[in-house]
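K.L.:
Below you'll find the structure I mean.
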Amino acid sequence: MTHADEPAGPPAAPVIRAARHDDAAGIARMHWASHQTTYIDSGAVARERIEAWTLEQRLEGWRQVLADVDGPERIVVVAVDGDRIVGFADAKGVDLVAEPDAPRDLELKGLYLLDAYQGSGLGQALLDAAIGTRPAFLWAMAGETRARAFYRKNGFEPDATEVPFEPWRIMIVRLVR
């Protein structure tokens with residue numbers, strides 16, 4: 001017999017699930033927080049560059065993205081711990097006729113986790129749920145070693161394409177598998 005003040009058991013592990021239309025606010029907040037720690041706190045990108053994309057703009061952007069998740073061309077999955085979104089992966093089909101320079105017909109648009117969950121296996125679970133082992137490409141910040149090691153482990157390699165990402169005044173490299 002348990003008492004009300006005793007824990008009911010170990011906390012549940014975060015769950016990976018398809019994003020829903022009502023997840024926009026949770027994803028936007030998580031995305032904002034991860035950009036703060038990943039890019040600003042590390043000194044990789046100036047605060048004013050990151051924060052020029054406001055939380056309100058991110059919320060509207062995520063509302064638009066999640067309006068597309070019912071179609072076959074957009075896959076967004078989230079990691080949920082309790083009632084809080086702690087990570088996401090976003091993949092989108094690419095029309096190779098409209099974008100002939102794209103190396104694959106699937107792009108991983110983003111994969112982010114809050115710092116406390118990095119190294120837990122959730123990033124891998126998100127990647128697997130979003131794109132599995134399919135051929136794909138993504139853009140990563142030049143010099144970002146942790147993310148690059150993760151993607152290398154998953155078969156992504158630079159294809160010698162590097163371009164400036166002007167909003168943040170950084171260089172990004174294309175990784176392909």
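K.L.:
For residues in the range 130-177 being in a helix (DSSP H, G or I) and of a type outside the set (D, E, K, R), which is modelled with the lowest pLDDT?
P.N.:
By that ranking, first place goes to Thr145.
K.L.:
In the range 72-99, what residues are of a type in the set (Asp, Glu), within 26 Å of Gln118 (Cα to Cα) and out of contact with any Pro (no Cβ under 6 Å at 6 or more places or on another chain)?
P.N.:
Those that are of a type in the set (Asp, Glu), within 26 Å of Gln118 (Cα to Cα) and out of contact with any Pro (no Cβ under 6 Å at 6 or more places or on another chain): Asp83, Asp90.
K.L.:
Can you tell which of Glu51, Glu99, Glu107 is surrounded by fewer than 13 Cβ atoms within 10 Å (Cβ to Cβ), under 23 Å from Met171 (Cα atoms) and not β-branched (Val, Ile, Thr)?
P.N.:
Glu99
K.L.:
Quick one: is Gly155 surrounded by 20 or more Cβ atoms within 10 Å (Cβ to Cβ) and either touching a helix residue (DSSP H, G or I) at 6+ places or on another chain (Cβ under 9 Å) or more than 26 Å from Ala28 (Cα to Cα) (or both)?
P.N.:
When the stated conditions are applied, Gly155 does not pass them.
K.L.:
Based on this model, can you work out whether Arg58 counts as surrounded by 13 or more Cβ atoms within 10 Å (Cβ to Cβ), touching a Phe, Trp or Tyr at 6+ places or on another chain (Cβ under 8 Å) and over 16 Å from Asp115 (Cα atoms)?
P.N.:
So Arg58 fits the description; yes.
K.L.:
Enumerate the pairs (first residue in the range 149-177 and touching a residue at least 40 places away in the same chain (Cβ under 8 Å); second residue anywhere and in a strand (DSSP E or B) and polar (S, T, N, Q)) with beta-carbon separation below 7 Å, excluding pairs fewer than 6 apart on the same chain, so at least 6 apart or on different chains.
P.N.:
Short answer, once both residue conditions are applied: Arg174/Thr161.
K.L.:
Next question. Checking Ser42 against (1) at pLDDT below 95; (2) surrounded by fewer than 14 Cβ atoms within 10 Å (Cβ to Cβ); (3) farther than 22 Å from Leu127 by Cβ, which test does it fail?
P.N.:
In the conditions (1) at pLDDT below 95; (2) surrounded by fewer than 14 Cβ atoms within 10 Å (Cβ to Cβ); (3) farther than 22 Å from Leu127 by Cβ, Ser42 misses (3) alone.
K.L.:
So the check is Cβ under 6 Å with 6+ separation or different chains; which pairs have a first residue in the range 114-125 that's closer than 14 Å to Val15 by Cα and touching a residue at least 24 places away in the same chain (Cβ under 8 Å) and a second one that's small (Gly, Ala, Ser) and part of a helix (DSSP H, G or I)?
P.N.:
Within 6 Å, no pair qualifies.
K.L.:
Of all residues in the range 158-174, which are farther than 17 Å from Tyr39 by Cβ and surrounded by 17 or more Cβ atoms within 10 Å (Cβ to Cβ)?
P.N.:
Arg174
K.L.:
Tally up the residues in the range 64-81 that are modelled with pLDDT of 95 or more and loosely packed, with under 15 Cβ neighbours inside 10 Å, please.
P.N.:
Residues in the range 64-81 being modelled with pLDDT of 95 or more and loosely packed, with under 15 Cβ neighbours inside 10 Å: 0 in total.
K.L.:
Give me a count of the residues in the range 17-31 that are buried (at least 18 other Cβ atoms within 10 Å of the Cβ) and either modelled with pLDDT under 95 or among the aliphatic types (A, V, I, L, M) (or both).
P.N.:
5
The values are calculated or read from the model by the stated rules, or taken from the named source; none is laboratory data. Since this is a predicted model, take the numbers as computed values, not measurements. Every residue, glycine as well, gets a Cβ built from its backbone with ideal geometry; the counts of neighbours run over all protein chains shown.
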